[in-house]
Amino acid sequence: MVVPFSKYHANGNDFILILSDHLSKKDLTRPTISKLCCRHTGIGADGLFLISPSDSYDFILDYYNADGSWETLCANGSRCATQELYRLGRVERRVFFLAGDGPHEAEVLESGIVTMKMKMPKYRSKKVSPEGVDGYFIDSGARHFVSESNNLSEYFVLELGEKIRHSQLFHPKGINVNFYKLIDTNTVEIMTYEKGVEKVMTSCASGSAAVIFHLASVGLIESPVLVCSSGGNLNFDFDEKWEDVWSSGPAQIVFSGSIILDQYF
């Protein structure tokens, strides 16, 4: 079975994109996805998207982490999927699509930047302290723990992020872990440890949305906000009630090709 695919990245956060025309959902088993995302023997990526047609939306997205686990939302990858379908001439610049957390809008701008409407995040906890680290569980379409830290080194985020991700407090689903440093009212630095990938990400848009929502809720930032991560920047624009929230950033093709899938079953 020869399956066409495209490889994209958004600030270094990289994805395999496959159209359901070429591969059915039932063939995407967890081991197969994990093998495809392996950087040594597969295509290599942080995650994989299966893009399906719909009568009600421009398209439907199913997102899987690198370990093959299904996830509700990956905003960086959703922007990449939008860019890919526009590149293929399957959609107009403005789209309306369905992800695991519900419907979203997105638009491919003339600059090539893709902007995406986010859902209003929600607090799922008061202040909690897994592994002795104070922070909040916030659902921004995906599960995120956010905590302020002056140390955003990769080693620190990896070591502590892994412990918090596996904390009994968030068992059995686990949680993504975001450490942030407030620079000023319009700038935040963020580093994210992502479950299902089990490493520190170069960028995480849904995690950034959770952090921005928290900081806006406590009155420390105002729109627009620049989020700085190791892979690059994201821009967030939001209204006072968080009913109109947009995340904007790059979504770039790396390469496209075909893979013989038989060996991955």
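The values are calculated or read from the model by the stated rules, or taken from the named source; none is laboratory data. Keep in mind the model is a prediction, meaning the values are calculated, not measured. Neighbour counts are summed over all protein chains in view; Cβ atoms, including those assigned to glycine, are modelled from backbone coordinates with ideal geometry.
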Matching residues, the stretch 116-138, being of a type outside the set (A, V, I, L, M), in contact (Cβ under 8 Å) with a residue 12 or more places away in the chain, surrounded by fewer than 18 Cβ atoms within 10 Å (Cβ to Cβ) and not in a loop (DSSP other than H, G, I, E, B): 117, 122, 123, 131
The stretch 23-61: number of residues that are hydrophobic (A, V, I, L, M, F, W, C) and touching a Gly at 6+ places or on another chain (Cβ under 6 Å): 3
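Residue by residue through the stretch 195-215, note down the ones that are of a type in the set (A, V, I, L, M) and either within 13 Å of residue 230 (Cα to Cα) or in contact (Cβ under 8 Å) with a residue 40 or more places away in the chain (or both).
Residues of the stretch 195-215 that are of a type in the set (A, V, I, L, M), as a first pass: 197, 200-201, 205, 209-212, 215.
Answer for the stretch 195-215, where residues must be of a type in the set (A, V, I, L, M) and either within 13 Å of residue 230 (Cα to Cα) or in contact (Cβ under 8 Å) with a residue 40 or more places away in the chain (or both): 197, 200, 201, 205, 209, 210, 211.
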Test: residue in the stretch 49-72 that is within 15 Å of the chain's Cα centre (by Cα), touching a residue at least 60 places away in the same chain (Cβ under 8 Å) and closer than 23 Å to residue 244 by Cα: yes
Within the stretch 11-46, tally of residues that are in contact (Cβ under 8 Å) with a residue 40 or more places away in the chain and either basic (Lys, Arg) or in contact with a Pro (Cβ under 6 Å, 6 or more places away or on another chain) (or both): 1
Condition check for residue 86: within 25 Å of residue 195 (Cα to Cα), outside any loop (DSSP other than H, G, I, E, B) and not aliphatic (A, V, I, L, M): no
Pairs with Cβ under 8 Å, 6+ apart, first in the stretch 154-173 and assigned by TED's automatic domain parsing to the domain that holds residue 193, second modelled with pLDDT under 95: none
Output for the stretch 77-114, where each listed residue is among the acidic types (Asp, Glu) and surrounded by fewer than 21 Cβ atoms within 10 Å (Cβ to Cβ): 92, 101, 105, 107, 110
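Please pick out the residue among 153, 147, 217 that is closer than 25 Å to residue 102 by Cβ and out of contact with any Ser or Thr (no Cβ under 6 Å at 6 or more places or on another chain).
Working: 153 fails: closer than 25 Å to residue 102 by Cβ; 147 fails: closer than 25 Å to residue 102 by Cβ.
Matching residue, one of 153, 147, 217: 217.
Name the residues in the stretch 236-259 that are among the hydrophobic types (A, V, I, L, M, F, W, C) and touching a helix residue (DSSP H, G or I) at 6+ places or on another chain (Cβ under 6 Å), would you? Full working, then the answer.
Applying the first criterion (among the hydrophobic types (A, V, I, L, M, F, W, C)) to the stretch 236-259 yields 236, 238, 242, 245-246, 251, 253-255, 259.
Listed by number, the residues that qualify are 236, 251.
Which one of these is hydrophobic (A, V, I, L, M, F, W, C), in contact with a Phe, Trp or Tyr (Cβ under 6 Å, 6 or more places away or on another chain) and under 15 Å from residue 260 (Cβ atoms): 43, 18? Spell out how you get there, then give the answer.
On the way: 43 fails: in contact with a Phe, Trp or Tyr (Cβ under 6 Å, 6 or more places away or on another chain).
Exactly one of 43, 18 is hydrophobic (A, V, I, L, M, F, W, C), in contact with a Phe, Trp or Tyr (Cβ under 6 Å, 6 or more places away or on another chain) and under 15 Å from residue 260 (Cβ atoms), namely 18.
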